[in-house]
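J.: I have a structure here, written as structure tokens, and I will follow up with some questions on it.
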Amino acid sequence: MSTEQYLDDVIKRDGAAHLTLIDPDAGSPSVASGIAEAATKAGSSAIMVGGSVGASGDVLDETLRAIKEVTDLPTILFPASASGISRYADSIFFMSLLNSRDVGYLITNQMIGAKTVLDYGIEPIPMAYIIVEPGGTAGWVGDAKLIPREKPELAVAYSLAGKFLGMRYTYLEAGSGASDPVPPEMIRAVKRAGCETLVVGGGIRSAKSARAAAEAGADIIVTGTAVEETSEIQRTITEFVNAIKK
Ligand code: 1GP
């Protein structure tokens, strides 16, 4: 089964899915495998692998191999550029940073990486990637014209544009480690406007904010930093997973 079909099934069954984000630059492959093992036991639905800086080459490959040794959950690449592709992943968020001012993040990296994705047999999941204030490192690296937090209509317009271009997923990103996650009002507005599969991440550190995002309409919740910062990984992810079930 494709990762996209699998996630659709989880969302239909549970109301929302939780993805655990592992940044290969933030820890060794053995740290990554420890997180992946805990995420599996906690009921997370898939493992996302990527980061804004340094998530490429051997580090990326070795991280994915370590993850694959301990879990059967799908692995999904979350690349910052064409260098964020690995043959060891199952799928890739094939995304365009729609509010970037840099054509490289809109389409050039995608053009450079597309044949590699095809040759490696990785499943591409087409995604409109939209960065909201404060935006963090992803916003800076991606040269994003950040969506103001009080302007949900701009996020709606980008999401609709992505949908009309054939992107089935929209990702509202506040930036890894953001002080505040994407506002629920913005999530609600994007979902109401007809977004098919809505992913929300960045700054979700508590079960309460994960639940608020899911209740506002997020289909998929992504957490990374909260897991990096805790010594009780399985318990932390279990809380996220339970909080977003409808
Ligand atoms: C970053 O949205 C993801 O791209 C996850 O953010 O690290 O803040 O959980 P956090």
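Please treat every number below as a calculation from the coordinates, not as lab data. Since this is a predicted model, take the numbers as computed values, not measurements. Because the Cβ atoms are built from the backbone with ideal geometry, glycine has one as well, and the counts that use them run over all protein chains shown.
J.: How many residues are farther than 18 Å from Val31 by Cα and under 15 Å from the mean Cα position of the chain (by Cα) if we restrict to segment 214-239? Break it down into steps so the answer makes sense when it comes.
T.: Step one: of segment 214-239, the residues farther than 18 Å from Val31 by Cα are 214-222, 238-239.
Going one step further and asking which of them are under 15 Å from the mean Cα position of the chain (by Cα), we end up with 214, 218-222.
Within segment 214-239, residues that are farther than 18 Å from Val31 by Cα and under 15 Å from the mean Cα position of the chain (by Cα) number 6.
J.: Can you confirm whether Leu106 is closer than 30 Å to Ala157 by Cβ, in a helix (DSSP H, G or I) and either within 16 Å of the ligand (Cβ to nearest atom) or under 18 Å from the mean Cα position of the chain (by Cα) (or both)? Before the answer, list the steps.
T.: On the way: closer than 30 Å to Ala157 by Cβ: yes; in a helix (DSSP H, G or I): yes; either within 16 Å of the ligand (Cβ to nearest atom) or under 18 Å from the mean Cα position of the chain (by Cα) (or both): yes.
Spelling it out, Leu106 is indeed closer than 30 Å to Ala157 by Cβ, in a helix (DSSP H, G or I) and either within 16 Å of the ligand (Cβ to nearest atom) or under 18 Å from the mean Cα position of the chain (by Cα) (or both).
J.: Within segment 222-230, can one find any residue that is within 16 Å of the ligand (Cβ to nearest atom), in contact with a Pro (Cβ under 8 Å, 6 or more places away or on another chain) and over 17 Å from Ile76 (Cβ atoms)?
T.: Filtering segment 222-230 down to residues within 16 Å of the ligand (Cβ to nearest atom) leaves 222-230.
Then keep just the ones that are in contact with a Pro (Cβ under 8 Å, 6 or more places away or on another chain); that gives none.
No; the residues of segment 222-230 include none that is within 16 Å of the ligand (Cβ to nearest atom), in contact with a Pro (Cβ under 8 Å, 6 or more places away or on another chain) and over 17 Å from Ile76 (Cβ atoms).
J.: Same structure again: Could you tell me which numbered condition Val141 fails, if it satisfies all but one of (1) of a type in the set (Val, Ile, Thr); (2) crowded, with 20+ Cβ neighbours inside 10 Å; (3) in contact with a Ser or Thr (Cβ under 8 Å, 6 or more places away or on another chain)?
T.: Here Val141 meets the rest and fails (2).
J.: Same structure again: Applying the selection to segment 61-98, what residues are in contact with a strand residue (DSSP E or B) (Cβ under 7 Å, 6 or more places away or on another chain), within 16 Å of the ligand (Cβ to nearest atom) and either free of Cβ contacts under 8 Å to residues at least 24 places away in the same chain or aliphatic (A, V, I, L, M) (or both)?
T.: If the condition is that a residue be in contact with a strand residue (DSSP E or B) (Cβ under 7 Å, 6 or more places away or on another chain), within 16 Å of the ligand (Cβ to nearest atom) and either free of Cβ contacts under 8 Å to residues at least 24 places away in the same chain or aliphatic (A, V, I, L, M) (or both), then Ile76, Leu77, Ile92, Met95, Leu97, Leu98 are the ones that fit.
J.: Check Arg188, Arg205, Arg211, Arg192 and return the single one that is within 16 Å of the ligand (Cβ to nearest atom), more than 16 Å from the chain's Cα centre (by Cα) and among the basic types (Lys, Arg). Walk me through it before giving the result.
T.: On the way: Arg188 fails: within 16 Å of the ligand (Cβ to nearest atom); Arg205 fails: more than 16 Å from the chain's Cα centre (by Cα); Arg192 fails: within 16 Å of the ligand (Cβ to nearest atom).
Step by step, each of Arg188, Arg205, Arg211, Arg192 is checked, and only Arg211 is within 16 Å of the ligand (Cβ to nearest atom), more than 16 Å from the chain's Cα centre (by Cα) and among the basic types (Lys, Arg).
J.: So is Val49 crowded, with 17+ Cβ neighbours inside 10 Å and within 13 Å of the ligand (Cβ to nearest atom) or not? Before the answer, list the steps.
T.: Values: crowded, with 17+ Cβ neighbours inside 10 Å: yes; within 13 Å of the ligand (Cβ to nearest atom): yes.
For Val49, the condition - crowded, with 17+ Cβ neighbours inside 10 Å and within 13 Å of the ligand (Cβ to nearest atom) - is met.
Here's the yes/no breakdown for (1) surrounded by fewer than 22 Cβ atoms within 10 Å (Cβ to Cβ); (2) closer than 30 Å to Gly57 by Cβ; (3) of a type in the set (A, V, I, L, M, F, W, C):
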position: Val103; (1), (2), (3): yes, yes, yes
position: Thr137; (1), (2), (3): yes, yes, no
position: Pro152; (1), (2), (3): no, no, no
position: Lys163; (1), (2), (3): yes, no, no
